[in-house]
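Below is one structure, written out as structure tokens; comments come after it.
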Amino acid sequence: MSATMTSHATELPRGSVTEELGFPSDPDNLYLQTVNTMLDSAELINLKHRTRIILAQPKNEIMVHFPVKMDDGHHKLFKGYRIQHNNACGPYKGGFRFHSDVHLDDVKSLAFLMTMKCAVVRIPFGGGKGGVKVNPRELSEGELQRVSRRYCSAIMDQIGPDVDIPAPDVGTNSQIMAWFADTYMMSSSHQHHDALRVVTGKPVEFGGSAGREKATGQGVADTLAEMLPGIGIPLEGMTVSLLGFGNVNGWGGRILQDMGAKVVTVMDHTGAIRNDRGIDCHDLFDYNMKTGGVAGYDKADAIEEEDFYRTKVDVFIPGALEQMIKAKQAEWLDCRVMAEAANAPCDPSGDRKLTEKGIEVIPAILANAGGVTVSYFEWVQNKNAVTWSAEQVDRELNRHMVVAAQRTLANRNKLKCSLRNAAFATALEHIGDVYKVRGIFP
Ligand code: NAD
């Protein structure tokens with residue numbers, strides 16, 4: 001497999017779809033970035049026009065405003081979203097985030113990526129995403145619980161265990177999922193235990209699955225293990241740089257280290273560190289749990305942001321927020337492969353620069369699909385009232401990731417395109433087949 005294969009992103013006609021749907025032509029809009037990748041990939045496989053226009057817009061855009069009583073007695077109004085992008089293959093599925101910077105277009109884009117992700121790994125779900133505009137770090141535990149419960153009650157009529165199944169994302173966790181499920185189950189029409197399938201990512205004692213917490217990082221590692229040998233990078237001794245050291249990269253870093261990789265730089269919201277002899281991710285994880293960040297870790301040197309990006313490594317793994325890699329950061333990067341652990345970590349200008357430089361990008365819809373895959377296992381276990389062992393979860397996850405990686409590689413070789421277009425094409429083939437047999441109602 002060659003690392004210099006070019007992207008078709010700027011060469012293929014996007015047809016009349018964006019004009020037909022009246023989209024603005026803003027090259028740096030995150031939602032349009034996702035739509036355009038879909039349209040380019042659709043062109044490669046000659047996807048029907050009707051499927052392209054259906055996928056170019058979400059099916060439902062739900063926006064809610066709800067008041068919550070704060071600890072000081074005053075009421076504050078919160079804005080929340082739930083985007084249901086597509087449910088041709090199964091119930092809408094996707095996390096919800098609590099973040100002060102939640103915007104409609106971003107949630108739409110993330111919901112779209114969920115549709116693609118579920119189709120790449122062939123789990124029977126569609127795509128959705130939600131969010132509340134709030135900084136959870138500024139809330140007391142009581143306020144956080146009330147926001148979580150009011151958000152659930154605001155969207156309760158539009159979701160459900162076989163309709164739309166949320167999960168954790170940035171700023172939300174298993175405790176919030178437990179409050180969310182409890183609120184849903186307390187409403188008069190959902191007072192049966194099966195209703196706990198309404199969310200995944202729950203605590204293990206309340207219907208959660210073994211292995212969910214590490215699932216996304218494990219999936220990134222499984223994908224790299226499957227793809228890197230073909231790119232000529234042996235896992236043993238490969239050098240890695242981690243952007244973000246939260247749930248995804250905290251786990252991914254430790255798992256890759258255990259597989260023989262050497263993590264040399266890490267950057268999070270508190271700072272960047274480097275040790276050319278290797279950073280012990282297990283030790284750094286414990287430190288991070290105590291201090292809330294990697295800054296001040298004394299077994300590595302503190303470095304500046306630019307040095308972090310310029311450090312030469314085999315694999316760079318962005319696992320922080322969306323759109324952090326712009327043209328400037330992409331120009332600085334000195335890596336052979338980027339594995340997108342975060343969703344849409346590159347903006348369009350960053351993406352173009354990576355393509356120009358010949359950096360092989362393993363796209364998020366494949367690389368970070370491990371989280372939703374184990375969410376699916378949780379939903380299956382709840383539905384059947386059974387509990388899988390951690391070994392069974394790991395085995396099934398690995399099987400799904402390996403098959404998805406192989407399908408993507410086969411499409412990349414057949415369609416002579418980037419891995420991003422090949423992964424989208426893999427998803428679109430499946431969704432196209434489903435629409436073909438279902439037809440369009442009426
Ligand atoms: P998290 O909140 O646990 O961790 C986020 C990390 O990003 C933290 O280390 C934080 O310090 C870092 N960060 C935040 N702002 C930063 C900045 N300005 N500069 C450098 N670092 C910064 O989140 P997570 O669950 O690990 O998710 C990370 C990404 O992966 C998100 O984009 C999320 O949507 C995506 N994702 C997560 C899952 C999952 O299962 N958790 C699944 C799929 C995709």
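The values are calculated or read from the model by the stated rules, or taken from the named source; none is laboratory data. Small disclaimer: the values here were computed from a predicted structure and weren't measured. Note that we place each Cβ from the backbone using ideal geometry, even for glycine, and neighbour counts take in every protein chain shown. We work out accessible area using only protein heavy atoms, side chains counted, and drop any ligands, DNA or RNA first. Shrake-Rupley method; radii C 1.70, N 1.55, O 1.52, S 1.80 Å.
What FRET efficiency comes out for ASP283 versus GLN406 if R0 is 45 angstrom and r is the Cβ-Cβ distance? Round to the nearest 0.05.
0.80
For HIS99, which sequence-distant residues (separation of 5 or more, or a different chain) have an amide H within less than 5 Å of its own amide H, given hydrogens modelled in the peptide plane?
Long-range HN contacts for HIS99: VAL132, VAL134.
Leaving out ligands, DNA and RNA but keeping every protein chain, what accessible area does VAL121 have, in Å² rounded to the nearest 10, with a 1.4 Å probe?
VAL121 exposes around 10 Å² with every protein chain in place.
Give me the accessible area of TRP379, 1.4 Å probe, in Å² rounded to the nearest 10.
Rounded to the nearest 10, the figure is 30 Å².
I'd like the carbon and sulfur percentage of the solvent accessible area for region 215-362, probe radius 1.4 Å, heavy atoms only, ligands and nucleic acids excluded.
48
Listed highest first by mean packing, meaning other Cβ atoms within 10 Å per residue, what order do 273-279, 126-132 come in?
126-132, 273-279
Express the accessible area of the chain per residue in Å², computed with a 1.4 Å probe while the remaining protein chains stay in the model.
40
So how much slack lies between HIS75 and ILE440, counting 0.36 nm per residue of separation and subtracting their Cα-Cα distance, in nm?
126.9 nm
Starting at the first residue of region 317-324, write each ³J(HN,Hα) from the Karplus equation 6.51 cos²θ - 1.76 cosθ + 1.60 with θ = phi - 60°, in whole Hz, x for Gly and Pro.
10, x, x, 10, 9, 6, 6, 7
Could you grab the relative contact order for region 286-416? Cα pairs under 8 Å, six or more apart, rounded to a whole percent.
Relative contact order for region 286-416 comes out at 17 percent.
Just tell me which aspartates and glutamates come within less than 17 Å, Cα to Cα, of LYS299; anything on the same chain fewer than 8 places away is out.
Correct list for LYS299: ASP268, ASP276, ASP280, ASP283, ASP286.
7 Å from Cα along Cα→Cβ at both HIS269 and HIS65: what's the point-to-point distance in nm?
Here the answer is 2.7 nm between the modelled labels.
Taking the Cα centre of each part, how many Å lie between region 138-200 and region 345-393?
23
If you take the square roots of the eigenvalues of the alpha-carbon gyration tensor of region 377-442 and sort them as a ≥ b ≥ c, do you get rounded (a/c under 1.5), prolate (a/b over b/c) or oblate?
Oblate is the answer for region 377-442, as a/c is 1.5 or above yet b/c matches or exceeds a/b.
Among the GluC sites (Glu not before Pro) in region 139-240, which ones are in a DSSP loop with at most 10 other Cβ atoms within 10 Å of the Cβ? Mind listing them?
In loop regions of region 139-240 (DSSP not H, G, I, E or B), the sparsely surrounded GluC sites (Glu not before Pro) are GLU236.
How far apart, in nanometres, would the label points at ASN413 and ILE53 be if each is projected 7 angstrom from Cα along the Cα-to-Cβ direction?
3.8
Report the extension gain between GLN392 and GLU138 in nm, rounded to one decimal, defined as 0.36 nm multiplied by the number of residues separating them, less their alpha carbon distance.
Contour length minus the Cα-Cα distance gives 87.6 nm.
How far, in nm, would the chain grow between LEU235 and GLN175 when pulled straight, counting 0.36 nm per residue and subtracting the alpha carbon separation?
Taking LEU235 through GLN175 to full extension adds about 18.1 nm, to one decimal.
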